[in-house]
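Enquirer: Quick one: this structure, given as structure tokens, is what I'll be asking you about.
The values are calculated or read from the model by the stated rules, or taken from the named source; none is laboratory data. Small disclaimer: the values here were computed from a predicted structure and weren't measured. Counting neighbours? That spans all protein chains shown, and the Cβs are built from the backbone with ideal geometry, glycine included. Please note that ligands, DNA and RNA were not included when accessible areas were found on the heavy atoms of the full protein model with its side chains. Shrake-Rupley method; radii C 1.70, N 1.55, O 1.52, S 1.80 Å.
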Amino acid sequence: MSKRYTDTNIWSEDWFIDMPLPYKMFWFYIKDNCDHAGIFKPNIKKYCLLNEVKIDLYKALEYLNSGKDRIRVLDNGHWLLEGFIVFTS
């Protein structure tokens with residue numbers, strides 16, 4: 001089982017505060033279901049069924065990338081979470 005750290009400051013960030021609840025939940029779903037490199041294969045159907053919500057994939061990208069590029073769509077359709085792996089020296 002993977003362990004993920006969460007930035008608790010997210011609750012004070014405007015881009016996050018402004019999102020509707022299903023999209024906030026989707027952000028955590030993405031972070032919890034991406035691989036070790038921060039690559040996520042979008043599966044809106046699964047997310048919506050599990051959470052009994054309806055969201056739009058393109059609207060999700062619009063919300064999540066509001067003010068800063070947080071997700072990059074790769075050529076194969078997968079999403080790369082920018083900054084998921086941070087190297088410091």
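Enquirer: Find how many whole Å separate the alpha carbon centroid of the stretch 34-89 from the alpha carbon centroid of the stretch 1-30.
Expert: 11
Enquirer: On average, how much accessible surface per residue is there in the chain, in Å², for a 1.4 Å probe, leaving out ligands, DNA and RNA?
Expert: On a per-residue basis, the chain sits at 73 Å².
Enquirer: Considering amide H positions built from the backbone, and no H for Pro or chain starts, which residues 5 or more places from E82, or on another chain, come under 5 Å of its amide H?
Expert: I71, R72
Enquirer: Still on this structure, please answer the following. Measure off, as a whole percent, the carbon and sulfur share of the 1.4 Å-probe accessible area of the chain, all protein chains present. Provide the component values of the computation, followed by the final result.
Expert: Values: 3450 of 6530 Å².
It is 53 percent, rounded to a whole number.
Enquirer: I would also like to ask the following. Which whole-Hz couplings ³J(HN,Hα) result when phi for each residue of the stretch 79-84 is put into the Karplus expression 6.51 cos²θ - 1.76 cosθ + 1.60, θ = phi - 60°, listed in order with x for Gly and Pro?
Expert: So the Karplus estimates, Gly and Pro as x, are 10, 9, 7, 4, x, 4 Hz.
Enquirer: Pulled fully out, how much extra length does the chain show between Y58 and L21, if you take 0.36 nm times their separation in residues and subtract their Cα-Cα distance?
Expert: Separation in residues times 0.36 nm, less the Cα-Cα distance, equals 11.7 nm.
Enquirer: Given that just one value was derived from the coordinates, which of [x] 13.8; [y] 13.2; [z] 12.6 is Kirkwood radius over Cα pairs in Å?
Expert: The listed entry that was calculated here is [x].
Enquirer: In the chain, what GluC sites (Glu not before Pro) fall in a loop by DSSP, with at most 16 other Cβ atoms inside 10 Å?
Expert: Answer by residue number: E13, E52, E82.
Enquirer: What is the list of residues in the stretch 39-80 whose amide nitrogen lies under 19 Å from a point 7 angstrom out from the Cα of D14, following Cα to Cβ?
Expert: Zone members listed by number: 62-71.
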